[in-house]
1. Quantify how strongly other chains surround peptide A:141-148 by giving the mean number of their Cβ atoms within 10 Å of each of its Cβ atoms.
2. Let me check I have the definition right: for the range B:1-130, take the eigenvalues of the Cα gyration tensor, multiply each by 5, take square roots. What are those semi-axes in whole Å, largest first?
3. Treat each spin label as a single point 7 Å out from the Cα along the C-beta direction, and report the A:E127 to A:N140 distance in nm.
4. Please report, ordered by residue number, every helix of chain A (full DSSP H runs) that is 18 Å or longer along its axis going by C-alpha atoms and whose mean Kyte-Doolittle hydropathy reaches 0.5.
5. Using the C-alpha gyration tensor of the range A:138-251, what are the square roots of 5 times its eigenvalues, in whole angstrom, with the largest one first?
6. Run the quick spin-label model on B:Q82 and A:L106: label points 7 Å from Cα toward the beta carbon, then report their separation in nm to one decimal.
7. Taking only protein heavy atoms into account and a 1.4 Å probe, give the accessible area per residue of chain A in Å².
8. Ballpark to the nearest 100 Å², how much total accessible area do A and B bury together, probe 1.4 Å?
Amino acid sequence: MTELIMLHSFRGGTGKTNISANVGALLAMSGLRIGLIDTDIQSPGIHVLFNLDESSVDKTLTSYLWGESGIEEAVIDVTESLGDKAGGKLFLIPSSIKASDIARILRNGYSVTLLDEAYQRVQDALELDALIIDTHPGLNDEILLSMALSNTLGIILRPDQQDYQGTSISMKLAQNLEVSDIVMIVNKSPQLFNEEMVKSKVEEAYSGEVAAVVPHSDEMMALSSAKLFVVEYPDDPLTGIFKKIALRLMT
Amino acid sequence: MLLTQEKVDFLKTISFFDRLHERQLQKLADICVENAYGKGEVIFQQGDVGGILYIVVEGQVLLERELDRQEDTISMSVVNPQTSFGEISLFYDAPRSVTATAMKNSKLLSMDNDDFKEFIRQYPDMLMEINQVLSQRLVEAHDKISEIARPHKPRELRKLYEKLDF
């Protein structure tokens, strides 16, 4: 059975896309077949971590949702970006990065319920061990639908009052939608903060599990989403934390 | 300014008139007036007195309907070159049902209803062509109504939203 893992944050800028890509990469490096799907149709971004641009992306999730292509046609094998360390496979299903397509989505919308079929079809066609859903921040139809379909939900937040309030809303929604496994990931925690203290405070506040507290990293910032951190810095302690997150999301 | 023969050549390309002979088109061209509108310029407002049929020669025209009590408008259609608008006022003496605005610098041909009706009396076969266009507009309006009236969320989503009623 394929694990359907949704990574979500109530607010933008939490590092959700970076975590999705790095966790996906680690799972593929460990020998699993992993799909990464960018459902952030209005502001896609995960393709950047795999050095893809408008010219290298043809069929997308967006074209599938408009009935202009099959979802299988939108799959890009990005295993090569893991170097020679991949024991498994990593597939990316990007959203369109053409301004005209994004404008068209905003203007005309799309049939959101097709996402359900898309998830099912890529899981089956690619024989995936896990499909990781990278979402738009906040709440909208596709997030609600994806949340209801997920086996595991990772809510990403920063140690910040605005994120705390937003996370309580995401948690409440996920509980109402009866998501079976919900974990929180605290990202970009200032080096000054004691990680254990942050973890216990967040767990207590939300009566939920914190999978990891990820400290702010200058190396990660310096990569500026141009590369996968876990590939560039395989021995960095941060990669160890990403491994812990990956393991937790798969169990 | 278009010469009469240029108007005739243009009118030939309109489906309304493509069965008319050269002589008939010549008469039609005589009752056509050329108008130019700048981008954003209003051609007529919803509620205005009708009485003129327009055909887009160049540019693009947006037809919008104001919604009651919402201070908002709904886009009914975009009229491209070689297409007419304002035909309803030929047969139905009512205020304009939409506001027409030039989306680009646009050149239009306009025909006064009385002149056009007089022309139709001489060539009644044209009524069939006009009927076809009006019927098409009716189907488009029905499509628009269905689009507006359909439930905003598919059933699967509505069920999820019901679960969120904290």
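1. Working: counts 7, 1, 0, 7, 4, 0, 1, 5.
Across the residues of A:141-148, the mean count of other-chain Cβ atoms within 10 Å is 3.
2. 26, 17, 11
3. A separation of 3.5 nm, rounded to one decimal place.
4. Helices meeting the criterion: A:16-29, A:237-250.
5. Semi-axis lengths for the range A:138-251 are 25, 17, 14 Å.
6. The modelled label-to-label distance comes out at 3.3 nm.
7. Here the per-residue accessible area is 42 Å².
8. On the way: alone 10970 and 10920 Å², together 20910 Å².
Buried: approximately 1000 Å² between B and A.
The values are calculated or read from the model by the stated rules, or taken from the named source; none is laboratory data. These numbers come from a predicted model, not from an experiment. We place every Cβ from the backbone using ideal geometry, glycine too, and count neighbours over all the protein chains shown. With ligands, DNA and RNA removed, areas are computed over all heavy atoms of the protein, side chains included. Shrake-Rupley method; radii C 1.70, N 1.55, O 1.52, S 1.80 Å.
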